[in-house]
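Here is the structure we will look at.
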Amino acid sequence: MENILKELISFRRSVEPGIAYGIKMVEAAKDFLKVRDLKKANLYVIAETSRCLPDAIEFLTGCTVGNGRLLIKDYSKMAASFIDLNTKRAVRVTVIPEFQRKDIAHSRRSVSLRQQRKFGNIMTHHARHALEILKIPAKELLRVHKIKLTEPVPTMRPPTKIVFCEKCGESIREEKARVQDGEILCLVCAGEEKPYFKPKYL
């Protein structure tokens, strides 16, 4: 698991205890679902936080937001549900609260890889803690519960029709378009979303 941690740190360019939790959670789900190769399995994953955990899930399972196999419900919980779409088995994995309480005493600052040359030099507070987490037996660290989903899981994304906003001219997926006064508009031009930027023309 230490090699996995090393590769994951290189992937995300920082080290935090949360990614170690993620590694352990993915491995626990793999064992419960009896999956041999995570990246070849027909999985769907729901992560309950947007921090750290999704990176571990994407890296280890191949389930990503972009391919539609990872859904993030940001409850700010270190928890995730793993669904085997072939067997319909589903499991929710959470970190035992006592271990998360201990983390409160640890600094939340991440360690940038730009300040380090090799993984061996990152034996900082966070990295040492992450390695300690990997050594903890799953049964002492995690709660694993079989679950039944209350909403359907999309097995694949349907073909998407592209339309163009008649105000800004930019392309959007048809299901995200709005029609106002006979015009097709994007969410921003329709006033449903606030723009996150101001144009600065060069």
Among strands (runs of 3 or more DSSP E) completely within segment 135-202, the ones holding 1 or more residues that are under 30 Å from ASN86 (Cβ atoms) and at pLDDT 90 or above are 142-146, 171-173
Taking segment 63-81, which residues are surrounded by fewer than 20 Cβ atoms within 10 Å (Cβ to Cβ), part of a loop (DSSP other than H, G, I, E, B) and touching a strand residue (DSSP E or B) at 6+ places or on another chain (Cβ under 8 Å)?
-> THR64, VAL65, LYS73, LYS77
Search result, residues across segment 31-53 that are under 15 Å from ILE4 (Cα atoms) and touching a residue at least 24 places away in the same chain (Cβ under 8 Å) = LEU38, CYS52, LEU53
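The values are calculated or read from the model by the stated rules, or taken from the named source; none is laboratory data. For clarity, every value in this text was computed on a predicted model and none was experimentally measured. As a convention, Cβ positions derive from the backbone with ideal geometry for all residues, glycine included, and neighbour counts pool all protein chains shown.
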